[in-house]
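Here is the structure we will look at.
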Amino acid sequence: MVSFLGVPIRTGDKQLGQIYLTDKLDANEFSSDDEMIIQMLATYAATAIANARLIDQMKERDLALTRRNVDMALLNGIASTLTSSLELDEILNKTLGLVMNYMKVEAGEIFLLEEDKTTLRMVLHRGQAAEAFWTRNIFSVGDGVIGIVAKTRQPSLSANLPGDPNFLREAVVKAGFQQMACIPLVSGENLMGVMSIATRTTAPFEERSIQMLNAVGTWAGLAIENARLHTNARRLAVLEERNRIGMDLHDGIIQSIYGVGLALEGVQHSLSEDPQAAKQQIQHAIGGLNQAIRDIRAYILDLRPRQLGSEGLLNGIKRLITEYRANTFSEVHFTAPDSDLKELTQAQALALFHICQEGLANAAKHAKAKNVQVSLWTTEDRALLEIRDDGKGFDTEKKHTFIGHGLANMQTRARSSGGDIDISSVIGEGTTILVWVPRGIKP
């Protein structure tokens, strides 16, 4: 090297590079004109390099913003899905569809953990080659890729399905799928299931996308648990309503029909001795059946038992006692309170009415009592009802083995009205039912 010329490429105080020239062909050294020309070239080069780098930065920023918008669209879609519905099928379907669109894959599936906590069952598949994926729709925790993700609760990426020994579905490989990403669906410490997506392409999944899917798995797991809790709550509400209907029917209409049956039994004894009295009893029984039919019709229309209406608790109990005397051969003595008990709520009055109805029915049906004493009185803060009979009695320790729903219904009605009930009995001596509800306090 005989001659040399070096010029820096700079923009402001930042050096971007250098231009080197050596061995000028038509002279032994470079001139000042050469140096000026190269400096101008270096200035243009610095501007071009700075602009090119700025364009690259803008492209990278635009790509990052685009990715962030896509991520936000996914999260917004998931959030909208999870907050707009409590139906499990809708949540699973929309979530899987959003994830598949975000990842641009051909197939996706969701496995849910069953109640035994060891079995994962596929409940949803979307996309292509459904028959290939459904060839195996059950995995045990720890079994295969699906089971391993469930056991470890960590996302898993299989970049080469044909060569993955943990991938146990040959039909999926034969269908041309090359990669699968699996994420756990968790809610706190509880595993809900596993979501997987599969593609026939060999382009690797981005780490950023897998992290997004992991976040989606946590959200979806929480939504699945909420949906199940909602389903259980609705199921419990149905069971409670069935119990309420059964209790109302047992304590009301069934007891009325049973009273008619007792009256007809009495007719058998008087047919030959007093036909006229037997005829009157039959007419009374017909009236009782007609009333039961009206009660059943009213109950079907609004699923509520016949209410006391304007009759009031005292008159209602007096009516029960009158019907009891007419339908049985035993006597009932009634002790009325000093107060008219108008301060009791409708629910409290109805509870005492039905408990009295059940107590009288039990005295006739189970106890075969000859005498019954019904007493109703008040204290400063309570209204109390006592039903005492001289019937057969029973062992209170074993009552659940031979007594139906009646005693349980009485307890439920008393406690739901803010009070309580005590049932005592001695075999051969009779039974006493004592129930109370608060006065002037709405339950």
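Would you mind stating whether ASP381 is at pLDDT 90 or above and among the charged types (D, E, K, R)? Against the criterion (at pLDDT 90 or above and among the charged types (D, E, K, R)), ASP381 does not qualify.
Scanning region 105-122 for residues that are in contact (Cβ under 8 Å) with a residue 24 or more places away in the chain and farther than 17 Å from VAL172 by Cα returns LEU112, LEU113, LYS117, LEU120.
Residues satisfying the criterion are present in region 126-133 (criterion: under 23 Å from LYS94 (Cα atoms) and among the acidic types (Asp, Glu)).
Is there a residue in region 291-314 that is assigned to a helix (DSSP H, G or I), at pLDDT 85 or above and within 25 Å of LEU434 (Cβ to Cβ)?
yes
Residues that are at pLDDT 90 or above and buried (at least 18 other Cβ atoms within 10 Å of the Cβ) within region 357-372 comprise just one, VAL372. Could we say that PHE177 is surrounded by fewer than 21 Cβ atoms within 10 Å (Cβ to Cβ), assigned by TED's automatic domain parsing to the domain that holds MET100 and not in a helix (DSSP H, G or I) here? Spelling it out, it is not the case that PHE177 is surrounded by fewer than 21 Cβ atoms within 10 Å (Cβ to Cβ), assigned by TED's automatic domain parsing to the domain that holds MET100 and not in a helix (DSSP H, G or I). Restricting region 3-34 to residues that are exposed (fewer than 11 other Cβ atoms within 10 Å of the Cβ) and not in a loop (DSSP other than H, G, I, E, B), the residue that is modelled with the highest pLDDT is TYR20. A Cβ distance below 9 Å, combined with a sequence gap of six or more or placement on separate chains, defines the contacts here; from region 136-153, residues that are without any contact (Cβ under 8 Å) to a residue 12 or more places away in the chain and more than 17 Å from GLU109 (Cα to Cα) reach residues that are in a helix (DSSP H, G or I) and among the small types (Gly, Ala, Ser) in the pairs GLY142/ALA150.
Checking every residue in region 173-181 against the condition of being closer than 16 Å to ILE110 by Cβ and modelled with pLDDT of 90 or more gives at least one match. In the condition set (1) at pLDDT below 80; (2) in a strand (DSSP E or B), ALA233 is compliant with all but (2).
Tell me, yes or no, whether region 350-360 has at least one residue that is in a strand (DSSP E or B), closer than 21 Å to SER425 by Cβ and under 46 Å from the mean Cα position of the chain (by Cα). Steps first, answer last, please.
Restricting attention to region 350-360, the residues satisfying the condition of being in a strand (DSSP E or B) are none.
So far as region 350-360 goes, no, none of its residues is in a strand (DSSP E or B), closer than 21 Å to SER425 by Cβ and under 46 Å from the mean Cα position of the chain (by Cα).
Out of all the residues in region 165-174, which are part of a helix (DSSP H, G or I) and aliphatic (A, V, I, L, M)?
Initially, region 165-174 is screened for residues part of a helix (DSSP H, G or I), giving 170-174.
Across region 165-174, the qualifying residues are ALA171, VAL172, VAL173.
Kindly check whether there is at least one residue in region 358-372 that is without any contact (Cβ under 8 Å) to a residue 60 or more places away in the chain and farther than 27 Å from GLN268 by Cα.
Residues of region 358-372 that are without any contact (Cβ under 8 Å) to a residue 60 or more places away in the chain, as a first pass: 360, 366, 368, 370-372.
Now restrict to residues that are farther than 27 Å from GLN268 by Cα: none.
No, because not a single residue in region 358-372 is without any contact (Cβ under 8 Å) to a residue 60 or more places away in the chain and farther than 27 Å from GLN268 by Cα.
The values are calculated or read from the model by the stated rules, or taken from the named source; none is laboratory data. Predicted, not measured: the structure shown is a model, and the values here were computed from it. FYI the Cβ positions are ideal-geometry reconstructions off the backbone, even for glycines, and counts take in every protein chain you see.
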